[in-house]
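Okay, structure first, notes after.
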Amino acid sequence: MERAKKLLAETFGFDQFMPGQAEVIGELIAGRSALAIFPTGGGKSLCYQLPALTFDGVTIVISPLIALMKDQIDVLKSRGVAARRLDSTLSSDETREVMSALRGGKLSLLYVAPERFNNERFLQAILHTRVSMFAVDEAHCISEWGHNFRPDYLKLARFARACRAERLLALTATATPKVAGDICDGFGIAGGSVVRTGFYRPNLTVLITPITAGDRDRTLVERLKNHPEDPTIVYVTRQNTSEQVAARLAKAGLRARAYHAGMKNDQRAEVQDWFMESRDGIVVATIAFGMGIDKSDIRYIYHYNLPKSLENFSQEIGRAGRDGQASICEMFVCPDDICTLENFAYGDTPCRNAIQSLLEEIFTATGQFNVSLYELSLRHDIRQLVMRTLLVQLELRNYLRELTPVYSRYQFRPLFSSAEILSRFDAERRRFLANVFKQARKAKIWFHIDLDQASIAVDQPRDRIVRALDYLAEQSLLEVKVEGVRNRFTILRHPDDIERLTDALSQNALEREAREIVRIGQVLQFATHDGCLVAHLADHFGEKLPRPCGHCSWCLNGHQPATLTAAEPATIDTVFWQQITDAWNQQEEPIDEARALARFACGITSPRLTRTGLSKHPLFGALSHVRFADVHTLAQAWKRDQSL
């Protein structure tokens, strides 16, 4: 610890540790694994950056955010720390340089995304490297909450064991006692090595405002105009809501811009850079915005729509007031949002038939196979992220093992004439390359080649063609681009009973759906809680406040809870339902699932509804105001009647 204190001052420029940091670092230096549960902005990154400099070997840092990796590495490099990253934005030359430094033992820290462990060359390099520490940021993603955020998180504990990591550090800002237990169980962390610094932040005022859908825009404009112009985030649920609300705020004379996952990468980066530099910018965003945003002076957080869970809410308000100054976090509570939130949860649940057809396709293969997740998603009507989770679950059950992804299509642009390129090689290689070039189709500038078809045409292994194109690119003879990623797997064993495995995976999906619905209910219970809201939120995360906070809605309003006007139960007109089922029966490609019909009626997209054009049908979403569970029950009854 003496060396750690010296590094704290000399390398990182701090004269003392933040709360909890010394305890976590002490556990790691003693050779033990640890779990750090610190609030957003609580100094988690120092817990692995500093001890990494005291260890022999490399510290592998797993982070889901490329932007965060870049920012941290830039700072570490400026301090003389040997830190690099491996991610999809690096060129092949940069990747080779990083891998060479890793193999040569020249790195103290290497940042990677969780998906990197599916790369066989990387995994082999790690297996032959001394890994002094395996640090997993956003570790709650291995637990039941947010498991769909990054399915590959579920495999990290296995990778940590495979690379013989000497110690493991899990870090999160959001962990209920149950989630903390899941993390400790998954990574083998002793209960005594959990450091929780406390959820409560006295500078955050948490307000609840019951509201109708028609009053939201006016109220939001009033709020923004009646307080000083400071950096503000307005969280919404849907991408189109982000665009609409930002436009209304801009029309009202406010500096507001939208941000959501549907925007192009350069557009999102431009909005983020603008906000980081702004002193009065307002970003109207989905949950895609915020992670990795290191802006200390965000003064206001508004939830225009209800958050999906208390975990989401706590992470989002945690981005306010990191400088310790007073900040306001206000949630608009409109019962009309419940249907939308529940539909998000229901939309991720695959039909049982879809799971069975997926398993039947996978296990017709023997040995290795490769697939496009996009095409697999369309064939079986399962959203891609859910498909990814199902494949990971098959890996964890030891049915599959994922291998390095491949690309089905290459593009190349010759930097010399074909004659000049071919003249550099002996007769056999010259014939081989000439045959490969003949398989390429020229567009305006780039040549396009389908590697699977080319492999058959030239009667050579696909890998040889890939190596050849990569070599020509390394020699600056071609410029190469790849597209059409295909995920590769090897079959480890076949299930004894497809039906039983289908039931198990289907039950998992239904249980996840039920948990998501419970979390939505917890948000409403929080909003109407008759007691200190901050104390209630802290209790959810395992912290007991000794007294009411004094600065939440309940404390400020004379200990009065918020009262919501219950939404009128939506009814389904029988004539209208007949029109919906008639439209469903007229589709050219029948979909024999009650859940799929309920999705159509409630306006929940799926790969097949999009592909068949049903998502553009006039009746798509006709019952979006009705709770999915009610529509699903009606659809099940209709299906039973159809089968009689």
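Does Val436 meet the test of being under 27 Å from Thr404 (Cα atoms), at pLDDT below 90 and out of contact with any Ser or Thr (no Cβ under 7 Å at 6 or more places or on another chain)? Reasoning before the result, please.
Numbers: under 27 Å from Thr404 (Cα atoms): yes; at pLDDT below 90: no; out of contact with any Ser or Thr (no Cβ under 7 Å at 6 or more places or on another chain): yes.
Considered against the rule, which asks whether it is under 27 Å from Thr404 (Cα atoms), at pLDDT below 90 and out of contact with any Ser or Thr (no Cβ under 7 Å at 6 or more places or on another chain), Val436 comes out as no.
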> Inside region 356-372, can you point out the residues that are outside any strand (DSSP E or B), of a type outside the set (A, V, I, L, M), more than 22 Å from the chain's Cα centre (by Cα) and farther than 17 Å from Arg595 by Cβ?
Replying inline: Glu360, Glu361, Phe363, Thr364, Thr366, Gly367
> Just wondering, is there one or more residues in region 498-514 that are of a type outside the set (A, V, I, L, M, F, W, C) and either closer than 30 Å to Ile328 by Cβ or assigned to a loop (DSSP other than H, G, I, E, B) (or both)?
Replying inline: no
> Which residues, taken from region 302-334, are of a type in the set (Lys, Arg) and farther than 15 Å from Pro39 by Cβ?
Replying inline: Lys308
>> Can you pull out every residue in region 350-392 that is of a type in the set (S, T, N, Q), within 18 Å of Asp496 (Cα to Cα) and in contact (Cβ under 8 Å) with a residue 40 or more places away in the chain?
In response: Gln356, Thr366
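Would you tally the residues in region 265-284 being farther than 23 Å from Val221 by Cα and either modelled with pLDDT of 95 or more or in contact with a helix residue (DSSP H, G or I) (Cβ under 9 Å, 6 or more places away or on another chain) (or both)?
Residues in region 265-284 being farther than 23 Å from Val221 by Cα and either modelled with pLDDT of 95 or more or in contact with a helix residue (DSSP H, G or I) (Cβ under 9 Å, 6 or more places away or on another chain) (or both): 1 in total.
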> For region 93-127, what are the residues that are among the acidic types (Asp, Glu) and either under 26 Å from the mean Cα position of the chain (by Cα) or within 20 Å of Glu138 (Cβ to Cβ) (or both)?
Replying inline: Glu94, Glu115, Glu120
> Looking only at residues in region 497-514 that are surrounded by fewer than 14 Cβ atoms within 10 Å (Cβ to Cβ) and modelled with pLDDT under 95, which one is nearest to Arg201 (Cα to Cα)?
Replying inline: Ala514
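Okay, residues lined up against (1) basic (Lys, Arg); (2) part of a loop (DSSP other than H, G, I, E, B); (3) touching a residue at least 24 places away in the same chain (Cβ under 8 Å); (4) closer than 25 Å to Phe122 by Cα:
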| site | (1), (2), (3), (4) |
| --- | --- |
| Arg3 | yes, no, yes, no |
| Leu7 | no, no, yes, no |
| Thr40 | no, yes, yes, no |
| Lys44 | yes, yes, yes, no |
| Leu50 | no, no, yes, yes |
| Thr54 | no, yes, yes, yes |
| Lys70 | yes, no, no, yes |
>> Could you go through region 515-528 and let me know if any residue there is under 24 Å from Asp337 (Cβ atoms), at pLDDT below 95 and of a type in the set (Asp, Glu).
In response: yes
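Could you list all residues from region 248-287 that are assigned to a loop (DSSP other than H, G, I, E, B) and either touching a residue at least 60 places away in the same chain (Cβ under 8 Å) or touching a Phe, Trp or Tyr at 6+ places or on another chain (Cβ under 6 Å) (or both)?
Of all residues in region 248-287, those assigned to a loop (DSSP other than H, G, I, E, B) come to 252-255, 260-264, 278-281, 286-287.
Gly281 - this is the single residue of region 248-287 that is assigned to a loop (DSSP other than H, G, I, E, B) and either touching a residue at least 60 places away in the same chain (Cβ under 8 Å) or touching a Phe, Trp or Tyr at 6+ places or on another chain (Cβ under 6 Å) (or both).
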> Looking at region 20-38, which of its residues are assigned to a loop (DSSP other than H, G, I, E, B) and touching a strand residue (DSSP E or B) at 6+ places or on another chain (Cβ under 9 Å)?
Replying inline: Gly20, Ser33, Phe38
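So that you can scan it fast, the table gives a plain yes or no per residue for (1) part of a loop (DSSP other than H, G, I, E, B); (2) surrounded by 22 or more Cβ atoms within 10 Å (Cβ to Cβ):
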{"position": "Arg158", "(1), (2)": "no, no"}
{"position": "Arg164", "(1), (2)": "yes, no"}
{"position": "Val195", "(1), (2)": "no, no"}
{"position": "Val221", "(1), (2)": "no, no"}
{"position": "Pro228", "(1), (2)": "yes, no"}
{"position": "Asn240", "(1), (2)": "no, no"}
{"position": "Ala246", "(1), (2)": "no, yes"}
>> Filter region 373-415 down to the residues that are over 23 Å from the mean Cα position of the chain (by Cα), aromatic (Phe, Trp, Tyr) and over 20 Å from Arg441 (Cβ atoms) and list them by number.
In response: Tyr399
>> I'd like to know if region 377-393 contains one or more residues that are exposed (fewer than 15 other Cβ atoms within 10 Å of the Cβ), over 19 Å from Arg486 (Cβ atoms) and outside the structural domain of Ala596 (by TED's automatic domain parsing).
In response: no
> Just checking, which of Ala170, Ala190, Ala175 is at pLDDT 90 or above and crowded, with 21+ Cβ neighbours inside 10 Å?
Replying inline: Ala170
>> Let me spell it out: the conditions are (1) within 30 Å of Asn398 (Cα to Cα); (2) under 23 Å from the mean Cα position of the chain (by Cα); (3) modelled with pLDDT of 95 or more; (4) acidic (Asp, Glu), and Asp185 meets all of them except one. Which number is the exception?
In response: (3)
> For region 456-483, which residues satisfy the criterion of being loosely packed, with under 15 Cβ neighbours inside 10 Å, touching a Ser or Thr at 6+ places or on another chain (Cβ under 9 Å) and not charged (D, E, K, R)?
Replying inline: Pro461
> When Arg486 is evaluated against the numbered criteria (1) on the phi < 0 side of the Ramachandran plot; (2) assigned to a loop (DSSP other than H, G, I, E, B), which criterion, by number, is the only one it fails?
Replying inline: (2)
>> Looking at region 573-599, I want the residues that are aromatic (Phe, Trp, Tyr) and have a partner that is not in a loop (DSSP other than H, G, I, E, B) with Cβ atoms under 6 Å, at least 6 apart or on another chain. Which pairs are those?
In response: Trp584/Leu597
>> The conditions are (1) under 24 Å from Val179 (Cα atoms); (2) touching a Pro at 6+ places or on another chain (Cβ under 9 Å), and Thr59 fails exactly one of them. Which is it?
In response: (1)
> If Asp573 satisfies every condition in (1) of a type outside the set (A, V, I, L, M); (2) under 21 Å from Asp630 (Cβ atoms); (3) touching a Cys at 6+ places or on another chain (Cβ under 8 Å) but one, which is the exception?
Replying inline: (3)
> Would you call Arg441 free of Cβ contacts under 8 Å to residues at least 40 places away in the same chain and loosely packed, with under 12 Cβ neighbours inside 10 Å?
Replying inline: yes
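Residue by residue through region 395-444, note down the ones that are out of contact with any Pro (no Cβ under 7 Å at 6 or more places or on another chain), β-branched (Val, Ile, Thr) and either closer than 15 Å to Leu478 by Cβ or part of a helix (DSSP H, G or I) (or both).
Here is the first cut: in region 395-444, the ones out of contact with any Pro (no Cβ under 7 Å at 6 or more places or on another chain) are 395-398, 400-420, 422-444.
Filter once more, so that each one left must be β-branched (Val, Ile, Thr): 404, 406, 436.
Result: Val436, single match.
The values are calculated or read from the model by the stated rules, or taken from the named source; none is laboratory data. Predicted, not measured: the structure shown is a model, and the values here were computed from it. In this analysis, Cβ positions are derived from the backbone assuming ideal geometry, glycine residues included, and neighbour counts consider all displayed protein chains.
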